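All remarks here apply to the structure that follows.
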Amino acid sequence: MSAALSPWTPSQETRIVARAVRFIRKRIQMAVYYFAMEVGEHLFKGLFRGDRDLYRHGGPWKKSAISRIARDPRVKLADDVLYMSINAYMSVTIFQKRAPRMPVPQFSPWKWHRMSTPLEHEPEALVEVALWVERADIPERLVRAAAHLAGPYVRSGGKLHDLLVGREGERKFPDTPYKRIKRLLTVADEWMDTHTMSEMARERSIEAVERLLGVV
């Protein structure tokens, strides 16, 4: 029997394949997201009684319990996947409580995980960072950096829109990159004046600021 001829032209088939890949990739991402939310909720409420302090300060028993679950032959997951699920679930619940009328951004649970510890006591910043991550499709490595900077930066008097700059932020706060960088450096300078740093760290920070100013 001869092979059936394709009903598609090469260009049509290319478009169909590309569309199928996008569809499947989206479904995989959604499956991973909902898996993390359900597993995170189950572990957070079942193992840690829904208590954030108990989870954060669980000590050796927490590591032992997570490892036992992850290494069970019926589960076979890395410990990090379970920690990610719990942290992602906690970040999403903070977002939902702080912005109950807004749809939860549907990006990777690993990105939600990166926001959990540095921003769990800064709910407004977490919401803004999450919206920025979704809007600008920020890669995971930058999510971690932004999350660790956002809390201390806001507490030091900085404005979050300077830290999370993008097209929308530029339209809302129309000024030059130099002015934004100057505000960032002012906050950094004041932070160094009020916090103890080693002499080497202080020298490196000053050198970095001077290099940045030289570029600007």
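For the stretch 101-171, which fully contained helices (runs of 4 or more DSSP H) count at least 3 residues that are over 25 Å from residue 56 (Cα atoms)?
In the stretch 101-171, 123-136, 160-163 are the helices (runs of 4 or more DSSP H) which contain 3 or more residues that are over 25 Å from residue 56 (Cα atoms).
Of everything in the stretch 51-62, what is part of a helix (DSSP H, G or I) and over 23 Å from the mean Cα position of the chain (by Cα)? Give them in sequence order. Within the stretch 51-62, 60, 61, 62 qualify. Considering each residue of the stretch 84-92 in turn, at least one proves to be assigned by TED's automatic domain parsing to the domain that holds residue 128, under 17 Å from residue 133 (Cα atoms), β-branched (Val, Ile, Thr) and free of Cβ contacts under 8 Å to residues at least 60 places away in the same chain. Looking at 138, 66, just one residue is closer than 21 Å to residue 42 by Cβ and in the same structural domain as residue 49 (by TED's automatic domain parsing), and that residue is 66.
Selection of the stretch 116-162 for residues being in contact with an Asp or Glu (Cβ under 6 Å, 6 or more places away or on another chain) and either among the hydrophobic types (A, V, I, L, M, F, W, C) or loosely packed, with under 14 Cβ neighbours inside 10 Å (or both) yields only 160.
The values are calculated or read from the model by the stated rules, or taken from the named source; none is laboratory data. What you see is a predicted model; the values in this text were computed from it and never measured. Here the Cβ is made from the backbone with ideal geometry for all residues, glycine too, and neighbour counts use every protein chain on show.
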